[in-house]
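Here is the structure we will look at.
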Amino acid sequence: MNKDEQAIRNWFDDWMKATKEGDLELARTLIADDAIFLVPGAGQMDKESFAAAATATDPNTEFELDCSIQEIRIFGDHAWLLATISLAMTNKITNSRTLMKGDSLSVLQRRVDGWVVVRDANTMAPVETDQ
């Protein structure tokens, strides 16, 4: 594994950490100011709206996030990262559970201070579960 791939894997680990811990400040450092996110049902989102949504926490909801990198390709100062995502949300009051699954394709750009996401398309959608 070369140093760029390792740096992208570290970026991904930080992204997962920010999402799981609700760390909005960390999330912001991983996103380019002009980033565009494509999210089913939400259309295009900018840096601030996506970072806030991705790190939102609800004390009445338990989140279980599982993401795995499927592919990384690097082309000079740009790269793409394909990941598979599974997000389970359980309402602590009603004990109801929602499961969402899908893939995301992130386009990253190397900047002076490291890799940042500049474009991201997410296909995560609700799936039926056996309760």
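Over the chain, DSSP H runs of length four or greater, each weighted -39,500 (n - 2.57), average out per residue to a 222 nm ellipticity of -7500 deg cm²/dmol. Modelled spin labels at Thr84 and Asp103, positioned 7 Å past Cα toward Cβ, are 1.0 nm from each other. Using 0.36 nm per residue and subtracting the Cα-Cα separation, the extra length available between Arg110 and Ala56 on full extension is 16.8 nm. In percent, rounded to a whole number, the relative contact order of region 3-125 is 24, using alpha-carbon pairs under 8 Å and six or more apart. The slack between Lys17 and Met1, meaning 0.36 nm per residue of separation minus the straight C-alpha distance, is 3.6 nm.
Identify, among Val116, Pro126, Thr29, the residue whose Cα sits farthest towards the positive end of the charge dipole of the chain, taking +1 on the Cβ of Lys and Arg and -1 on the Cβ of Asp and Glu, with the dipole about the Cα centre. Of the listed residues, the answer is Val116. Qualifying chymotrypsin sites (Phe, Trp or Tyr not before Pro) in region 1-92, where qualification requires a DSSP coil assignment and no more than 13 other C-beta atoms within 10 Å, are lacking entirely.
Values in this text are rule-based calculations from the coordinates and carry no lab data. Note that this is a predicted model, so its numbers are computed, not measured. When we count neighbours, we look across all protein chains shown, and the Cβ atoms used for this are built from the backbone with ideal geometry, even at glycine.
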